[in-house]
């Protein structure tokens, strides 16, 4: 019989990034006993990677900015597929959430009159991103972390114990949510350090586990991003929406491994960088689509003149929109003209003098020099599409962040941050994710706390469920001679990267589903050697199950949606289709473990929000019936 | 691609040993890539912490050839091809397994450091601060909590007994950050650092600054200013000595003061005091020069035994009398 450490809490927050910490703060402020489960050490979450800033229409730099402008920008970015209510709440509440951080001790960069400075960013009409140099995410996580410490200090004063009402369980992974009927009753997992099991008995769980990037070969995401929250929600009966929408960047480094996934800014191409295949050919001229033919140069000579004389020459084809560039790189690699690492060359070294590169791209130069000893003034970079962010996620009620199910809601389950879906529609604007974390993190914490008040008795955990969870968790360790989890992970990444990547085709998506089916059988036989203490092989073996489930949802939804929109590009359906805008693709898991995909109409817009747009703009996105 | 030799410490709290490995190394890789390859090909249960792999989260701290480093920021090209790279866990913290140590010491100290105190009567959204004022604290808020400074600090490295009373450089910069925060309502940050965080243990050897991957000037910009400003009320032998040599606070205030005074050129004195110029610029002691890209071992950071000369390491004896601050008492 396994010895399981048991804890009782009111609210358990899974995930210690921006959304999770903000939710925990709110639950604790509502007087609830709160646990924070962190897969890594406290304060290491992926939120630290966010550089740009947090979008909030404070109007500090341009007073014309307000929530309505921000709302419009967000909807445009998401190609009008966003949940309108979430986008509205986000635009309205983001400024308060940012100002609140200052009362926790955050120090943003300032304007001349001492207010929070705001910077311009792609897709935002006015300067809107509150920032701290290029480390805004770190500031956010540190501020929230320190606020939690300050709450603990208050509790120590009042109750004599720092952890009287809020406790951080660092390096702890949840493998299963436990239910009492359709209500959340608790969460089961293990301590990485000891490998011992731990059970949280709690009526409310907030999922804030982030994204799914680790299913991809090239990604900017860390090892934690294995879609845990997505999979936990599915297995607890909740639904996911829009899983086909993933944000890729066309030029991420693919080699050397020390910088794999790191983004190479588009300005490298804007400043003269060109793309070459392994034959040394500048291939972008072969990929100019007819609709763009007039605006783009036809010869390298003309393209090269554009940098100095843009008025009399047409743009180089390297500056085509992101998806076109990605499609071209993808085609070259698939035709066997890619580099060994599966990318193409981005060459600025042979095109511009070293001094000019240094002057124009100082941070790029330093980043690659320091991390990989790659000198971009001397050698070309190896680039390819990088998986960056998942727009899809747990389907939630916009106001309460409660997780929905096929029939209603999963009582007691909430989701916020990257793990939740809907807010960003088919594509996320830069800067909207940090504010998303704060706005919906707070809401999730608030409503999770309120939900526990409404309960007459605490839901109970069935012993059989607990035994099953223990068995599943121990299975890889007990399976002598099982498959190597690292090999399986590598193959999964290969399938997703090659077949469900940035540019998708029907045949490849069908193949991916077949390959994922095979992998599913092999993952069921995965083995881990070594003991239970801090054993990364075992941890990966358990994470694989989640990655595979979520990958299946993505592949199925990508096959189903026969249009191209935002983060979903189908080569066989290159146009945006207004009838598809009316549909959310909803994934759920049947008791047998099969993924089920259904169409669900998007919520009907409120008229006052529709009125914020010109009719001519709406006509680009909506069907004629909707406009009438 | 080459195959290179590694020694990696494997074991747990009860003991362990350095194991020899031969691992493929490709161009442009960092030590963390090698650890990952070891996991994927030879040792699937080799324990190691990491997250962002871009030098931003501070998870993959370890000791590489004896130096506390982030393994994601330590390029293989900084070693000779035939050099054996030795990877060991942080020494100051108890080992959990292999390269993973129990860093909870730091989280305990974080919890003991009083939090930001918001100013009374200032509503959210009404905070006004100047960029130049927030920048001083922002330097310390760059900290990624890799704890390399805590690990290298000789007050607690190999001195378990000091841990109770000593918060360490990471939390001295936290105290300094709050002390310099334009709107923090608590006014006793320095005194608290001295009385409860063990600031006095620090004898400014600057090892923490040396290993900081964010290049935060921990000693110069946080610890020394706090030590100097707190000394009005408390006795700290090191600062006492420092003040005997040069009054840093006066230096800051009287930037126009005469910087050198030669013997034979007495200046008029307002209150009959000797015209000796304590503000004379003395070169700061320098750390030993690094060879190539490698930092020197921090324990032997200085190029001499014993403390740096209070007169500055650049000065050679005997000193040229013309440059001396000497005042003959019999002379008017």
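Just so you know, all these numbers are worked out from the coordinates, no wet-lab data involved. Small disclaimer: the values here were computed from a predicted structure and weren't measured. Here the Cβ positions follow ideal geometry from the backbone for every residue, glycine too, while neighbour counts run over all protein chains shown.
Here are the numbers:
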read-out: Net length gained if the chain between residue A:2 and residue A:571 were fully extended (0.36 nm per residue, minus Cα distance); value: 199.7 nm
read-out: Burial ordering of A:602, A:166, fewest other beta-carbon atoms within 10 Å first; value: A:602, A:166
read-out: Angle between chain A longest axis and helix A:506-523 axis [Cα atoms, degrees, rounded to 10]; value: 40
read-out: Segment residue A:521-residue A:592, extension gain: residue separation times 0.36 nm, minus the distance between their alpha carbons; value: 24.1 nm
read-out: Inter-label distance for residue A:627 and residue A:472, nm, one decimal - labels placed 7 Å from Cα along Cα-to-Cβ; value: 4.8
read-out: Shielding score for B:128-137, defined as the mean number of other chain Cβ atoms within 10 Å; value: 4
read-out: Beta bridges per DSSP with both ends in region A:248-386, % antiparallel, nearest 5; value: 90
read-out: Within region A:176-202, backbone nitrogen closer than 11 Å to the virtual label 7 Å beyond the Cα of residue A:458 toward Cβ; value: A:186, A:200-202
read-out: Ranked packing of A:450-456, A:241-247, most packed first, by mean Cβ within 10 Å; value: A:241-247, A:450-456
read-out: Protection proxy ranking of A:151-158, B:117-124, A:324-331, A:533-540 - average other beta-carbon atoms within 10 Å, highest first; value: A:533-540, A:324-331, A:151-158, B:117-124
read-out: Within chain A, helix-based [θ] at 222 nm, where runs of 4 or more DSSP H residues each add -39,500 (n - 2.57), nearest 500; value: -11500 deg cm²/dmol
read-out: At q = 0.16, 0.18 Å⁻¹, base-10 log of I(q)/I(0) for region A:86-224 (Debye sum, equal scatterers on each alpha carbon); value: -1.21, -1.29
read-out: Chain A: C-alpha gyration tensor shape, a/c 1.5 cut-off, then a/b vs b/c; value: prolate
read-out: Protection proxy ranking, peptides A:589-600, A:267-278, average beta carbon neighbours within 10 Å, highest first; value: A:267-278, A:589-600
read-out: Linear extension gain, residue A:158 paired with residue A:608, 0.36 nm per residue minus alpha-carbon span; value: 157.2 nm
read-out: Shielding by other protein chains, B:27-38, mean Cβ within 10 Å; value: 4
read-out: Three-way shape label, region A:389-499, alpha-carbon gyration tensor, a/c 1.5; value: oblate
read-out: Angle in degrees between helix A:536-560 and the longest Cα principal axis of chain A, rounded to the nearest 10; value: 60
read-out: Residue mean of other protein chain beta carbons inside 10 Å, A:107-114; value: 6
read-out: Percent of beta bridges antiparallel (DSSP, the protein assembly as shown, rounded to nearest 5); value: 70
read-out: For region A:568-628: rounded, prolate or oblate by the Cα gyration tensor [a/c cutoff 1.5]; value: oblate
read-out: Size of region A:468-577 as Cα extents on the principal axes (Å, biggest first); value: 52, 21, 21
read-out: For region A:74-106 versus region A:437-489, the gap between their alpha-carbon centres in whole angstrom; value: 29
read-out: Chain A: angle of helix A:322-332 to the longest principal axis, Cα-based, in degrees nearest 10; value: 80
